[in-house]
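FYI, it's all coordinate maths here, none of it is from the lab. Model, not experiment: these values are computed from the prediction. Backbone-built Cβ (ideal geometry, glycine too); neighbour counts: all protein chains shown.
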Amino acid sequence: MQFHFYCGDCDQYLGEKQSFKESSVNCEGCSVCRVDNLADGNFFVTFSVREQLEELLKRPDVKTVSRLDRIDGRIADILDGALYKNVFEDLDPVCENALSITFNTDGVAVWSGPRGSMWPILYVINELVPQIRFKPESTLLCALFYG
Ligand SMILES: [Zn+2]
């Protein structure tokens, strides 16, 4: 988990920290000392996509489908769509096991006040079989935004 801070006055990105407890960040954009404002919610959190993918793909119930085994002309999944096919048609054949990701987000009200919502950035692996792809334990968390 990585914390990323930004200035609440000018929105300049202030950098990342391993822990929320590390403070003492100064904004070069507006020269306002931000030390006391780190707890104001001017940050977002990211999570390692690599680690989550490794854990997900190790699960014995997780099975992938091949984009090469699709039936021409039949639209039954995202793998059958024209946009999806366009992304992969120029790839080197060595990349036949490449995975693609669909991201989504929606705000969740978590507390009252002007910064009372949280925005989880979630993603799923398109090449997982649909019965596994949309299970809660297969939906991964990329980042959390507050605001
Ligand atoms: Zn600033």
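Within the shell of other residues whose beta carbon sits under 12 angstrom from the beta carbon of residue 61, the net charge comes to +4, with Lys and Arg scored +1 and Asp and Glu -1. Computed from the Cβ-Cβ distance with R0 of 30 Å, the FRET efficiency linking residue 119 to residue 77 stands at 0.65.
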